[in-house]
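Just so you know, all these numbers are worked out from the coordinates, no wet-lab data involved. As the structure is a prediction and not an experimental result, all values here were calculated from the model. Cβ placement follows ideal geometry from the backbone for every residue including glycine, while neighbour counts extend to all protein chains displayed.
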Amino acid sequence: LKRVRAAAAVLALVAAGPADARTLLVGPDRELKAPSDAARVAADGDTIAIDPVEGGYFDCAVWKFNHLTIEGVGPGVIVTDRSCMGKAIFVTDGTDITIRNLTFARARVPDQNGAGIRAEAANLRVEHSRFINNEVGILAASAPDGSVVVIDSEFIDNGQCAADCTPSLQVNGLALLHVEHSRFGGGKGGDYIKSLAARTELVGNEIVDGPTGLSRCLVELPFGGSLVMRDNVLAKGPRSSAEMPAVAIVAGLGAPPVAELTFNGNRFTNDGPERIVFVRDWTGTAPVFDNNTIGDRVIPLSSDGYRWFMTKAYLHALVGYGDGLVGAAKHALAPYKGTIEALKARLKSVL
Amino acid sequence: MTHRSPTMRRALRCARDPLALVVALLLGGAASLAPAAAKTLVVGDAQELKTPSAAAAVVADGDTVEIEPHEGGYFDCAIWKANHITIEGKGADVVITDKSCAGKALFVIDGSDVTIRNLTFQRARVPDKNGAGIRAEGGNLLIEKSKFIDNENGILSADAPKASITIRDSEFTRNGKCDPGCSHGIYIGRYALLDVEHCVFRETRQGHHIKSRALRTVLVGNDIADGDKGTASYLVDLPNGGALVMRDNVMEKGPNSENHSAAVTIGEEGVDQPTPEITIEHNKFTNDMPFPTVFIRNGTATEAKLTGNTLGGGGKITPLTGDGSTN
């Protein structure tokens, strides 16, 4: 696999025109004083190497070029407090951007979804980075063929629930979300990971509320998609919502198909007093559930409520009552093109 | 550059008295001996120096400039380049009015460690529409018992990241303008500290009563009110973050405020400096607008701590939006 990745990296470099690729140095002693200075002069294929600065960079940047690598030189390179375009500390508008060795802290915006990184183009890769006390750690827009890959990173004290909740990591319609060997904790209200990707892979992560964590779900797939969770350590804390399961997968009307649900080698602990559900499966797809270690006061797997949820959804869709539901019903019915036969068939399949 | 306390300056002024000289030595050490020739310049109709600008032309480091009242006020402006000087009105009604220097202000302060006392600055207008009573361009500045009336900016500063501006017992009335850029009651740039205590702000026009980009802003015991005629935007605006301590202030947004959204905002233009604390204690805020408003709108990730504040008036008030807690 490593060889494949290396080959892909070489291909990516060739595609970017490596002859012109440069390394831009950012730091208090460099010509480029702040990441945003580099963002203004970067070009496709460049590497941006950022020196540490005392107290962090009070800066934000919009990266508009492709195949960039943006990395901290050593640990402790912090970008903090400031958001661009009312969105994030770093807004990545280019494809195939790699971010490494950086800490993103304290993003706040009027919309209350200020992110460490807002990915607005396909294929973001984040390695060895930290997201601390942002309204959202990473927020990725839809990119149907794109991926977000997060490796060896930390998400601490992110999220909020002032009006709508925001999670520590959220991706919208992607082909793939892959999170590996990363740590999530201290959530401030939303989920840790919320994914609308066609496929979500979580491997070897630690997702633990701890004493201060105030999460909704640890992992939520609100609109279908495949989920593979392997070798993760998960714990809901005493302040976390007991009504919500640790992992929630919902495939309502019109959701993309759930091709795979695999839970293998995970360890789940409930640190709260009330009994809770580990995996709530509202998809109709049978999960593969092997070798998981489940602690006390935990229902490992539940589909309770799924039939009622789908019945309600169909009634809403058919009757179309409630102003707010009309749009939802139309959206939900779109894949069936309104044919009664298709509806009946779908209804039959889930009930 | 040494900073000299008022006590020190008095001692130096009386330096012909051997005892005072000893005191001066004890207080400030040998370095303070340099301006031993510090003198008091007197400005007035009956004096050799007829106007503040005449004094500014001859003042030296460490001097005191005393300005006597003048019928109708001094139609004058001055650029003060010396350091460690005190410029003060003799009595209660010494007015500088109408004329601006360098297209900037009635008084442009280029020196460091300058004290202004007992003066009234009024009617500053310049083509850039940011004519100030005082334009601070040097280092530390102390303003006491002064009035700023009907200027485009009451006080406007440049940046001096290591310096402080302290304003006490002063009044700001009918300052401010937005045409199209905004001017304010007080508008301070990148200073280490802005400290405003026991001052009164009234009828600020369109701009904010206090706008500060200082690293730390301390507001204690002030009375900051739009009144019936004021059209101000915010009462206090820290557009780039920075520490904020507000204690024992009485504040009001009036019916003609041109910005209903908030009384105090932090981080509106993007936070680009540390915000170690936001402490809001024992203030009284009244919303006299027929609109809802927010008392503290915190755009930083620093938790605002609101304690013992009294909120009232006809309009609804949300005590805090953004990070923080209310007790």
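Apply the a/c threshold of 1.5 to the C-alpha gyration tensor of segment B:33-162 and tell me whether it is rounded, prolate or oblate.
oblate
Under 14 Å from a label point 7 Å along Cα→Cβ of A:SER142: give me every residue in segment A:189-222 with its amide N that close.
Counting only backbone N, you get A:196-198.
Report Rg/Rh for segment A:45-162, rounded to two decimals, where Rg is the Cα radius of gyration and Rh the Kirkwood radius.
Over the Cα atoms of segment A:45-162, Rg/Rh equals 0.93.
Can you give me the long-range amide H partners of A:PHE155? Hydrogens built in the peptide plane at 1.01 Å from N, cutoff under 5 Å, separation of 5 or more residues or another chain.
A:PHE131, A:ARG183, A:PHE184, A:GLY185
Which ³J(HN,Hα) values, rounded to whole Hz and listed in residue order, are derived for segment A:102-107 from phi using the Karplus coefficients 6.51, -1.76 and 1.60 in 6.51 cos²θ - 1.76 cosθ + 1.60 with θ = phi - 60°, glycine and proline given as x?
10, 10, 10, 9, 6, 6
What is the order of B:LYS145, B:LYS253, fewest Cβ neighbours within 10 Å to most? Walk me through the intermediate numbers first.
Details: B:LYS145 16, B:LYS253 29.
Least crowded to most crowded, the residues run B:LYS145, B:LYS253.
Name the long-range amide H neighbours of A:TYR57: under 5 Å, sequence gap of 5 or more, or other chain; modelled H, no Pro or chain starts.
The answer is A:ILE78, A:VAL79, A:THR80.
Over all residues in B:271-280, what is the mean tally of Cβ atoms on other chains that come within 10 Å of each residue's Cβ?
3
No solvent, one uniform scatterer per C-alpha: report log10 I(q)/I(0) for the protein assembly as shown via the Debye equation at q = 0.08, 0.10, 0.12 1/Å, two decimals.
-0.75, -1.00, -1.21
Can you tell me the order of B:173-183, A:166-176 when each peptide is scored by its average per-residue count of other Cβ atoms within 10 angstrom, highest first?
A:166-176, B:173-183
If you count, for each residue, the other Cβ atoms within 10 Å and average over each peptide, how do B:90-102, B:128-140, B:233-245, B:39-51 line up from highest to lowest? Walk me through the numbers on the way to the answer.
Values: B:90-102: 17.7, B:128-140: 23.4, B:233-245: 25.2, B:39-51: 15.6.
Listed from highest to lowest mean packing, they are B:233-245, B:128-140, B:90-102, B:39-51.
Express in nm, to one decimal, how much length is gained between A:GLU31 and A:ARG297 on full extension, taking 0.36 nm for each residue of separation and deducting their alpha carbon distance. Provide the component values of the computation, followed by the final result.
Details: separation 266, 0.36 × 266 = 95.76 nm, distance 5.80 nm.
Contour length minus Cα-Cα distance gives 90.0 nm.
Take B:THR318, project a point 7 Å from its Cα along the Cβ direction, then tell me which residues of segment B:284-300 have their backbone nitrogen under 13 Å from it.
Zone members listed by number: B:292-299.
What ³J(HN,Hα) values, in whole Hz, does the Karplus curve 6.51 cos²θ - 1.76 cosθ + 1.60 give for segment B:191-206 when θ = phi - 60°, with x put for Gly and Pro?
9, 5, 8, 10, 10, 10, 9, 6, 10, 10, 10, 9, 6, 4, 9, 6
With labels modelled as points extended 7 Å from the Cα through the Cβ direction, what inter-label distance (nm, one decimal) is found for A:ARG125 paired with B:HIS282?
Result: 5.9 nm between the two label points.
Report the relative contact order of segment A:190-265, percent, no decimals, based on alpha-carbon pairs under 8 angstrom and at least 6 residues apart.
36
What is the distance, in nm, between label points placed 7 Å from the Cα along the Cα-to-Cβ direction at A:GLU54 and at B:ALA46?
About 5.6 nm separates the two model spin labels.
Which order do B:LEU119, B:LEU215, A:LEU301 fall in if you start with the one that has the fewest other Cβ atoms within 10 Å?
Details: B:LEU119 26, B:LEU215 21, A:LEU301 18.
Fewest to most other Cβ atoms nearby, the residues stand as A:LEU301, B:LEU215, B:LEU119.
With the cut-off at 1.5 for a/c, could you classify segment A:112-181 from its C-alpha gyration tensor as rounded, prolate or oblate?
Oblate, since a/c reaches 1.5 and b/c is not below a/b.
Rank-order B:53-62, A:75-84 by packing density, defined as the average count of other C-beta atoms within 10 Å over each peptide's residues, highest first.
Working: B:53-62: 18.4, A:75-84: 22.8.
Ranked from most to least packed, the peptides come out as A:75-84, B:53-62.
For an R0 of 60 angstrom, estimate the FRET efficiency from the Cβ-Cβ distance between A:ASN264 and B:THR307 and round to the nearest 0.05.
Step by step, r from the Cβ atoms, then E = 0.70.
Ranking A:THR311, A:THR103, A:THR92 by Cβ neighbours within 10 Å, fewest first, what do you get?
Exposure proxy ranking, most exposed first: A:THR311, A:THR103, A:THR92.
Within segment B:48-71, name every residue whose backbone N is under 19 Å away from a label modeled 7 Å from Cα of B:LYS90 along the Cβ vector.
Counting backbone N atoms under 19 Å from the label point, the list is B:48-60, B:63-71.
State whether segment B:106-179 is rounded, prolate or oblate according to the following rule on the C-alpha gyration tensor (a ≥ b ≥ c being the square roots of its eigenvalues): a/c under 1.5 gives rounded; otherwise a/b larger than b/c gives prolate, and the remaining case gives oblate.
Judged from the Cα gyration tensor, segment B:106-179 comes out oblate (a/c at least 1.5, b/c at or above a/b).
Largest first and in whole Å, give the semi-axes of segment B:254-296's equivalent ellipsoid, each being the square root of 5 times a Cα gyration tensor eigenvalue.
Details: eigenvalues 112, 43, 7 Å².
Value: 24, 15, 6 Å, ordered largest first.
Tell me, what HN-Hα J-couplings in whole Hz come from the Karplus equation 6.51 cos²θ - 1.76 cosθ + 1.60 at θ = phi - 60° for each residue of segment B:233-247, using x for Gly and Pro?
7, 9, 6, 9, 10, 10, x, 10, x, x, 5, 9, 10, 10, 9
What is the average number of partner chain Cβ atoms found within 10 Å of a Cβ in A:50-62? Before the final figure, lay out each step's value.
Details: counts 0, 0, 0, 0, 0, 2, 1, 1, 8, 2, 3, 0, 0.
Across the residues of A:50-62, the mean count of other-chain Cβ atoms within 10 Å is 1.
Starting at 0 and stepping by 10 Å, how many percent of the alpha carbon pairs of segment B:264-322 end up in each bin?
Over segment B:264-322, the share of Cα pairs per 10 Å bin runs 22, 49, 25, 3 percent.
With n ≥ 4 as the cut-off for DSSP H runs, can you work out [θ] at 222 nm for chain B, using -39500 (n - 2.57) per run divided by the number of residues, rounded to the nearest 500?
After summing the helix terms and dividing by the residues of chain B, the value is -2000 deg cm²/dmol.
For labels at A:ARG307 and B:PHE291 in the simple 7 Å Cα→Cβ model, what's the distance in nm?
Distance between label points: 5.5 nm.
Pull up all non-local amide H partners of B:LEU244: gap of 5 or more, or a different chain, and H-to-H distance under 5 Å with H placed in the peptide plane.
So B:LEU244 has HN proximity to B:THR217, B:GLU277, B:ILE278, B:THR279.
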